[in-house]
Structures are given as C-alpha cells and as structure tokens.
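Asks: First the structure, which I've put down as structure tokens, then a few questions once you've had a look.
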Amino acid sequence: MGAIALAVGLLAASLYFRPPTPPASSEPVPIPEAAADRPVPQLAPPSVAESGAAEAVPEKSAEQSVTLSNDAVEVRVSNEGARVTGVSLLKYRATVDPHSGPVDLVTLPDRGAVTLLLGPEPLRSLEAAPAEVTSTGPRHVEMRVAKSGVSVTRRVEIDESGYGGHLTVAIENRSGAVVQPKLELVFYGQERPSSAPDHFPAYSAVASVDGSVKRMPMAGIGSTGIVGGLLGHGPPTGTAHPAPVDWVGIDSQYFLIAALAPNAREATAFQGPLGADAGQSSLRLQPFEIPSGAGVERTYRLYFGPKIEAVVTAVDPHLERDIDAGWAWVRPLVVAFGGLLHWTHEHVIANYGVAIILLTILVRLVTYPLTQRSMTSMKKFSVIAPQMKEIQEKHANDREKLQEELMKLYRQKGMNPLAAMGGGCVPMLIQMPVMIALYFALQTSIDLRHAPFALWIRDLSAPENFFSIAGLPIRVLPLLMGGSMLLQQKLSPAPNADPQQRQMMTLMSVMFTFMFYQFPSGLVLYWFVSNVLGIAQQLLVNRSAMPAPTGSETPA
C-alpha cells in the first residue's frame, strides 16, 4: 500500500510541479547575437546605395501603423517590414481586474509578434525598409517596397469574424538577374514577470512537426542552466526541425499565435533563443528562384486567439494539436468535465467555484458504492487488528509462519486479505483519474481564466494568494486540503495495525500539501471538498453497527 501511495503522489507531482520561472525584467532584455548558423534579423532598415537603382527604397520616415479589427481581434501592422506589432483579443481582458484592457499577445514590442524575412540581397534590403501603404481597409492592409527592379508586396488581412487571417507576399522580378528568395516567417516572444499584464503561463515557442507538437519554453530559453553551467556548456543555439512542418508560432496556456505553411512538405522549422528569456520560432520555406520577368506569390494562414477546439479548428484543423487535453485515455473525462462545468455555469449558477463543488459532489455520488465498500471492509478488518498484531509480534522472526498464521486467521473470519492490503488506497485511486482529468480541464478551459470563486480567490485557473510573508505566499486552500487528508486518515481504521503504513500515509499528506501549493486553486478546491465529503462518509461508516465478520468477502 505504501508503494502505491508513493506512486500516486509521484504521478500527481509529474502533472504540474515545475521548476520556478527565473525572474524576468519588466523591460525587454537586450538581444545578443544568435548562433552563427542563425543570425538575428536586423529590423532597422539598412542604408541602401542608390547608384544604378531603377527604384530606390523610400527615405527613412516616421513609422506608420495600420490597425485592422473585427469583432474578436485587433491587429496592428507596421509599414516597416509589415511587422505585426500588436494583437489585442477584444473578448479577453489582460488581468483579473474587470477594468483592465484587452489582452495583447505581443511581448517583445521592439520586434513585434511576427515578421517575414525574404532572403539574400537584393531582398534583404527590402525586409524592414519603410513600405508604401498601397491599399487599406477595416480588415486588410497592403504594402509595397521596391529596389533595383525587384518589388515586394505584402498583404495582411484578418477574417470578417473570429481569429483567423492571411499573410500574402508577392515578389516581382523586373531586374536582369535571377532572384533567390528564402522566405522565413519568424515569431518572437519574451518571458515576462508573473505580475505583469503580459505574463502568459507556459509561454513557449511551438511548432507542429510531422504531426507532433514541439515546445521550447521561453523561461530560461537562452540560459545554460545550473547543470549546464557546472559542466561548462555554452548557451543553447536552438533546434532545427525537418519537413514536414504544418505550422509554427508562440503559444501559452490559453493563447496561440501561429502560421500554417503553404505546403507542409516543403517547410522546416527553427526554435531558438534571443536572450536569457526571449526566443523565436520560425517557419522556413524551401529556397526557390525567380527568373527575370517573373513573379511568385505565397500565402500563409494566420491564427491569433484562444486555444478553444471549436475556434482553432474553424481556422484550420491542424491547429487542434496545440491543445494539450492530456493522454488519450483521459481525454473523454476532460471533455466531459469541461462540458459539465460550462453547462453548470450557464444554467445553474454563474460561479465556476460552485460549479466545481457541484461536480465534486456528483463524482462522489457516482463512486459512492466503491468507496463505501472499501470503507466497510477497512472497518471489518480493524475488528481483528488486535489478533493480527498479536500474531505479528509472536512470529516476528519467522516470516513464513507469520504469513501462515495470518492466512489462517483470515479463513477463520471469512475475510479476503486483498481487501486489507488495498482497501485504504481504493478511494484515492478512484479519485486519481478524476483529478488528472479535472487538472487538464482547468488547464485547457479558457472559461476558467480569471474566473473568481469567493473572497480572495479571484482566479480559479491559478494558485490562490491570501497574503504573503517576506515574499512567501500564504495559501489557505492547500493547507486546508492537507489538514483534511490527515483527518481522513486518522478517522480511517487501520486494518493491519502497521505503523509504517500510517507513517507513509501521513508523509503522503504532507507531500500532497507541498505539491498542491503550485496547483490551480480550482483543482485544490475539488480535492478539499472531496476530502470533506470523504470524512463525512467515513464518520457514518464508523458510527454504524458492525457485525462480527463472518462468511466470505471479496476484495474491495
């Protein structure tokens, strides 16, 4: 039983217990030169020689910004490189403050969210050069820049409604030489302080490579880490991913900015650092040639919005892979719990904390027969605990005789020994799939983002913070949960009078308290309420009359 309890604890720890995020400055970090094989793109327009130029790059002027908007999103596009410099989601606020503005997904303002690199000269000089805005409307902007007979037109547009869009680049070659574009769409991000409005949990560079999602967390993306530093390793240089690549972008727990490749079989990806907590994720197309007098056009499908299955699949089904709904065997429960919470919030009470409590009661009712049988078996075995202890003391030095006498006692009382060994773990093992499913439901359901419960619990998707002492957060729910676990164990009969088992269960309660300190308050609320209901059920079993164990009994 102790081994099972420990395994359960380790399983819970593996779900969420992560290393602490390194502190990040509230200002953008200086971005050093990247690895030699991946130069950092220069966004400031370079000087251009005018000699022999058929068309000159316009003189440097004040940066212009065009804002596109629909019912869901507002996108700001700079005329310098057609960079997307702002992405505001109009239906989601930045913080728990109901008066805070919409969340903006851009965390590196100097670079923006995404920009398109064109390749070697003469295209490189056109990448960030101030472009002429040739066409604009509420949901589209078109910009053109030219030099030496080569022109580049970039068009950014968003859908009439929702979170999708397109980026189209058209390159026309009227020079006397072959032009060789190497198109690379680059997304930028920086880990921000946890107190900042633009802090995003689980912020990562992300790419879908051959059907598998690859993530590189922004926190410490350019750091060697403690182990790497001790071993003398240099800073990381990033990871290249071969074709096929469906899409790349920057994502967080609830939001995604991404672009889909025009042709996945001809696309590769790169993820790498730009600083200690800043990084990039890029989508690279195969190089190609444009002969003199020809032109080429490429279009990317864009997405900037929440990670909601129905919403992302409406833009492109491949984006659904970015939603981490847990292992395949638990996903039906994740979908069911998410649906139940949403339905309860919409039709019963508009409070997700109360919805979690009602869900907990429902789970306890469904599992009541199993937990009741387990508790009853435990109580029956506690009746013969003194006899078991006497046998253990008498044959402490003879394990074979000890097992023989214990089995004899079980037969006399008509009991199955498996009930004694596993009965105490059954209630917890029953709860584990539920807890795992609810964890993923809380992590993936954006409805719970900034959803308040009561008093100081203002965000069920994040750990609570009642108050702090010297920077250490004091959280009431995890402490109550740990205390309820200890009380439930104290009330539970000890079927085999093994003090080591009691110590193991106590240790597990302490371990769970520490682990749950980092868990979303909604999940801690579920476990605490479940423990309270379990205590009430145990008290009823303990107070009920228990006949002397006779007859046969099957394992609980």
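Asks: What ranking of Val529, Val510 emerges when the number of other C-beta atoms within 10 Å of each C-beta is taken as an exposure proxy, fewest first?
Replies: Numbers: Val529 21, Val510 12.
In increasing order of surrounding Cβ atoms, one gets Val510, Val529.
Asks: Bin all alpha-carbon pair distances of the stretch 282-400 at 5 Å intervals from 0 and give each bin's fraction as a whole percent.
Replies: 2, 7, 9, 9, 10, 9, 8, 7, 7, 7, 6, 5, 4, 3, 2, 2, 1, 1, 1, 0
Asks: Cα centroid distance between the stretch 331-381 and the stretch 96-164, in Å?
Replies: 48 Å
Asks: At a 10 angstrom cut-off on C-beta neighbours, averaged per residue, how do the peptides 179-187, 111-119, 328-336 rank from highest to lowest? Please report the intermediate quantities before stating the final value.
Replies: Details: 179-187: 21.0, 111-119: 23.4, 328-336: 14.4.
My ranking of the peptides, most packed first, is 111-119, 179-187, 328-336.
Asks: Here is a follow-up. Determine the shape class of the stretch 250-322: with a ≥ b ≥ c the square roots of the Cα gyration tensor eigenvalues, call it rounded for a/c under 1.5, and otherwise prolate if a/b is greater than b/c, oblate otherwise. Can you show the working numbers first?
Replies: Details: a/c = 2.81, a/b = 1.43, b/c = 1.96.
The shape class here is oblate.
None of the figures in this text is laboratory data; all of them are computed from the coordinates on show. Since this is a predicted model, take the numbers as computed values, not measurements. Every residue, glycine among them, receives a Cβ derived from its backbone with ideal geometry; neighbour counts consider all protein chains shown.
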